[in-house]
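Read the figures in this text as sums done on the coordinates, not as results from a lab. What you are looking at is a predicted structure, and each value in this text was computed from that prediction instead of being measured. Ideal geometry is used to build each Cβ from the backbone, glycine not excepted, and the neighbour counts take in all protein chains shown.
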Amino acid sequence: MIRVLIVDDSLFIRTILRDMLKGSPDIEVIGTAVNGIDALKKISELEPDAITLDIEMPRMGGLEVLEALQGMSPRPKVLVLSTLTSRQAEMTHRALRLGADDFMLKPRDIQNVKGIEKELIQKIRNLVVLPTAVKPIATRRNAADTVVLIGSSAGGPPMLDTLLSALPAELPAAVIVTQHMPEGFTASLAERLNRVSHLPVKETENGDTLEAGVILVSKAGYHTVISGEYAGAGRKYGRVVHSTAPPLHAVRPAVDKTFSSAARVFGPRTVSVILSGMGCDGGEGTLAVKTAGGTTMVCAEEDCLVYGMARSALARNCVDKVVPLKNLAHEIARTVVRFGVNHV
């Protein structure tokens, strides 16, 4: 059993978090705390495996709790609950720098509860159960001649856990994940995905070469644009260019930017996948992949919290396959292997 302490000054939040976690057979809520002082006392007494931590609380807030936990051994894993206000976003960045292991958005009202239940449970399981060893990214990997592009927004993070953990370690393609997130949050996402994936995962850096068997997470605040660099004999390889062009669809990174630019470089050796997400980002990019001769997929609607992005692609009649989440990794691997391997 994973033993969890809930820390939040809101009775509403404490109650709904407890109710959500009670539905998981491998998680036990061993207590709740109303502020940081109460939390530190109960952490000492109850020795939880993980805590959910509010940031702003009376008497002692979440940042002070994290400072107090530094040096503690064993220390519980910490899942910070945050809102997307500018103040909370900055405090969440600080929390991650102080040692918080992950974060997720706090439900605003009862209508949002069902949307985060799976994410909450999966995040806690990932923090406590999964190994934390970092998989090194070798310096001599082959530049990829095939790319898998994944786009997601609201409801996407728990789906990414499921999908990336099922991709085979020997996947002969580069993978780029473009998830809508505020600036500063994608580094933490990449770190968490690195724990669940058989492939190494890192946040994009300007100039990164797309390498076979490496997953890149588009850095928030920049569009991840893929440029084609010539490798001789008429072959190209992909390189990441961080663009500060204006947001597209009110987001940066935009899925359309990554999909469209990658399709120009990799052509028919491009595979695109749309997961859960609100709005229309990804529709034009999926069309670009299809026009370049690539293979396009969207996740089945019943597995998505929001179906706006996938529906935008479907409306353009450019989607080859609608695939249940549980089958997506297999379908991606099958498609990539069918291309064969031509090292660049």
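Data table
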{"item": "Entries of 123/219; 257/321; 22/219 with Cα pairs more than 24 Å apart", "result": "22/219"}
{"item": "Burial order of peptide ranges 252-265, 28-41 (average beta-carbon count within 10 Å, highest first)", "result": "252-265, 28-41"}
{"item": "5 angstrom amide H check on residue 203, placed H, neighbours 5+ away", "result": "217"}
{"item": "Local electrostatic count at residue 230 - Lys and Arg +1, Asp and Glu -1, tallied over other residues with Cβ under 12 Å", "result": "+2"}
{"item": "Hydrodynamic radius (Kirkwood) for segment 204-262, which is based on Cα pairs only, to one decimal in Å", "result": "11.9 Å"}
{"item": "Which of 237, 221, 148, positive extreme of dipole for segment 147-339 (C-beta unit charges)", "result": "237"}
{"item": "Long-range amide H partners of residue 27 with built H, under 5 Å", "result": "2"}
{"item": "Label selected from (1) 1.30; (2) 1.12; (3) 1.01, the criterion being Cα Rg over 2.2 N^0.38 Å as computed here", "result": "(3)"}
{"item": "Packing-based order for 169-176, 281-288, 180-187, using average beta carbon neighbours within 10 Å, highest first", "result": "281-288, 169-176, 180-187"}
{"item": "Diffusion constant of segment 2-129 at 37 °C, which comes from Stokes-Einstein with the Kirkwood Cα-pair radius and 0.692 mPa s, µm²/s", "result": "229 µm²/s"}
{"item": "Those aspartates and glutamates that a straight Cα-Cα span of less than 17 Å connects to residue 41, excepting residues fewer than 8 apart in one chain", "result": "8, 9, 49, 54, 64, 67"}
{"item": "Sequence-distant aspartates and glutamates (8 or more away, or on other chains) whose Cα lies within less than 15 Å of residue 202", "result": "161, 191, 211"}
{"item": "Within segment 198-259, GluC sites (Glu not before Pro) in DSSP loop having at most 14 other beta-carbon neighbours inside 10 Å", "result": "205"}
{"item": "J(HN,Hα) series, segment 25-34, from Karplus relation 6.51 cos²θ - 1.76 cosθ + 1.60, nearest Hz, glycine and proline x", "result": "x, 9, 10, 10, 7, 8, x, 9, 9, 9"}
{"item": "DSSP bridge pairs, the chain: antiparallel proportion in percent, nearest 5", "result": "20 percent"}
{"item": "Helical contribution to [θ] at 222 nm, DSSP H n ≥ 4, -39,500 (n - 2.57), averaged over the chain, rounded to 500", "result": "-11000 deg cm²/dmol"}
{"item": "Karplus 3J(HN,Hα) series, Hz, for segment 75-81 with 6.51 cos²θ - 1.76 cosθ + 1.60 (x for Gly, Pro)", "result": "10, x, 5, 10, 10, 7, 9"}
